[in-house]
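Structure, as structure tokens:
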Amino acid sequence: MKDSAIHYILLGAIIFAAFFGIQAMVVSHYFPVPDTEDFNHPLEVTGTYKYYKASRGASTVWINNTPFYCGAGAISFYTCLRYTERLPQRAVITVQIVNIKMIYGDIAMAMNIKSSGAELFIQTPAQCINAWRNENIYWFSSLSLIIAIFVVGCTRIILTRNRMAT
């Protein structure tokens, strides 16, 4: 392989596209994007709210000791703490949840959160599906970029080492 930036950029683009496509096909096969049917049977839960806020943005919220989330993709999810943080621990809330299948198992996705008659969070199935797709694209792109950089870097090292040995 000729030692030029164009060749490395082309190699990186091919690796990125290939890895992105593989992830999209495999993950979409086993963990498809939720469809509107998944949102047809919500469960409304009223109970005690609690949260845990850790360092570096990690946090979890629970209702009756069941964790629930406000957004997810096949690989990751994010908590509802930014919507419920102003509530005190042990407040009574009502959460409308649906179970969504992802890599780590089923999670409780909040579609609506209310406390004392005030609506703290609401999302439609379309918003949830779009957030799912966006989250997947973000992770697929990030992982594909890391793999492409690794492959191009290793190729560069191997070619440089072989040239120095001769």
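The values are calculated or read from the model by the stated rules, or taken from the named source; none is laboratory data. All values derive from a computational prediction rather than experimental measurement. A quick note on method: Cβ atoms are made from the backbone with ideal geometry, for glycine too, and the neighbour counts reach across all protein chains shown. Side chains included, ligands, DNA and RNA excluded: accessible areas come from the protein's heavy atoms. Shrake-Rupley method; radii C 1.70, N 1.55, O 1.52, S 1.80 Å.
General remarks:
- Single unsatisfied condition, residue 41 versus (1) of a type outside the set (Val, Ile, Thr); (2) within 25 Å of residue 139 (Cβ to Cβ); (3) not in a strand (DSSP E or B): (2)
- Look at (1) more than 30 Å from residue 95 (Cα to Cα); (2) β-branched (Val, Ile, Thr); (3) under 21 Å from the mean Cα position of the chain (by Cα) and you find that residue 33 fails only one, number (1).
- Any pair with Cβ under 7 angstrom, 6 or more apart, that starts in segment 41-70 at a residue that is of a type in the set (Ser, Thr, Tyr) and ends at one that is open to solvent by 70 Å² or more (accessible area, probe 1.4 Å) and in a strand (DSSP E or B): 46/92; 48/92; 59/52; 59/53; 60/52; 69/77; 69/78
- Hey, residue 24 farther than 27 Å from residue 124 by Cβ, open to solvent by less than 80 Å² (accessible area, probe 1.4 Å), small (Gly, Ala, Ser) and outside any loop (DSSP other than H, G, I, E, B) or not: no
- Verdict on residue 47 being part of a strand (DSSP E or B), small (Gly, Ala, Ser) and over 22 Å from the mean Cα position of the chain (by Cα): yes
- Every condition in (1) in contact with a helix residue (DSSP H, G or I) (Cβ under 8 Å, 6 or more places away or on another chain); (2) within 30 Å of residue 19 (Cβ to Cβ) is met by residue 130 except one, and the failing one is (1).
- Selection status of residue 89, over 17 Å from residue 131 (Cα atoms), touching an Asp or Glu at 6+ places or on another chain (Cβ under 7 Å) and free of Cβ contacts under 8 Å to residues at least 60 places away in the same chain: no
- Among strands (runs of 3 or more DSSP E) entirely within segment 53-166, having at least 2 residues that are open to solvent by 40 Å² or more (accessible area, probe 1.4 Å) singles out 66-72, 77-79, 92-102, 105-115, 118-122.
- Qualifying positions in segment 34-52 - open to solvent by 50 Å² or more (accessible area, probe 1.4 Å) and either hydroxyl-bearing (Ser, Thr, Tyr) or at pLDDT below 85 (or both): 35, 36, 37, 38, 46, 48, 51, 52
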